[in-house]
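Rule-based calculations on the coordinates, nothing more; no lab input. Every value quoted in this text rests on a predicted model; they were computed, and no experiment measured them. FYI the Cβ positions are ideal-geometry reconstructions off the backbone, even for glycines, and counts take in every protein chain you see.
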């Protein structure tokens, strides 16, 4: 099997107690069956502690939503006591993610982790492939897969070589035409996609929509409400964030575009990437307006917060994908208006 990842994938190492937003706080942590059996086999005082703090194959969080094995120094007692190899699957993997496409497995690191976000923003985006020993997933339309892979490569190239504005508008045009073709049973890459005229964006409506999503952190909605007040304001040169925003676009296209091989939906995922680029860019601008500075570390922190709220709630992702067809503010014309100058 081919295993494909961004080059920066191998750079990730958990920063443990140096992390300011621990994934061991505020999340339900499920335990895979194999690890649960192992934990159940542990004897002695630590085995007793394991059994007392696990129910329904998940850790029983404390009153302040901390994992019961996250100690006062924000280090994992299971890691210390039993070794890294005995962490449950979700703890071992996070923030890594994986997707299987027949004879290909793709992996990456998720933007919702502050260290992963820093790596994503500070690294070039190139893909590397290795051979691994793993069973193939037969549930993949290989013809559609090859088509989407070629289109994704074209989007990657555009994001890297064109201006952010041109790249975002180009991928929206291409995805719109391709979606129309796929809906009519046509598997083809449009050589010259129609240049759909841009219309004035409805940024307020986009913020209103985001304000109705399910929040994970109680501070997120007040933060969004405050950021909405800065619509239309800019400071300095917004282009200063362009290279970082390109990397955000590459991340979202890499992570979500190929999922279209399973359901034929590509336009909604391209819109997810485009609106995420715009939203994160706006939040960076807000930070600079409010504090006078939004350096790379602040950019990574804000992008991490956005990803945590949007990507790591399945209902929120589905809501955005649905809204991309249902709400006028997510039409291709108005989405292009977010980027066209």
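Just name the residue that is nearest to residue 181 (Cα to Cα) out of those in region 114-126 that are surrounded by 14 or more Cβ atoms within 10 Å (Cβ to Cβ) and in contact with a strand residue (DSSP E or B) (Cβ under 8 Å, 6 or more places away or on another chain).
Here the residue is 125.
Across region 259-274, what is the number of residues that are within 22 Å of residue 123 (Cα to Cα) and either free of Cβ contacts under 8 Å to residues at least 24 places away in the same chain or surrounded by fewer than 23 Cβ atoms within 10 Å (Cβ to Cβ) (or both)?
0
Please work out if residue 90 is in contact (Cβ under 8 Å) with a residue 60 or more places away in the chain, surrounded by 13 or more Cβ atoms within 10 Å (Cβ to Cβ) and farther than 14 Å from residue 9 by Cβ.
Yes; evaluated as a whole, the condition is true for this residue.
Quick test of your reading of the structure: residue 162 fulfils all but one of (1) touching a residue at least 24 places away in the same chain (Cβ under 8 Å); (2) surrounded by 15 or more Cβ atoms within 10 Å (Cβ to Cβ). Name the failing condition by number.
So the condition that residue 162 fails would be (1).
With 303, 319 as the choices, which residue is part of a helix (DSSP H, G or I), in contact (Cβ under 8 Å) with a residue 60 or more places away in the chain and closer than 21 Å to residue 172 by Cα?
The conditions single out 319.
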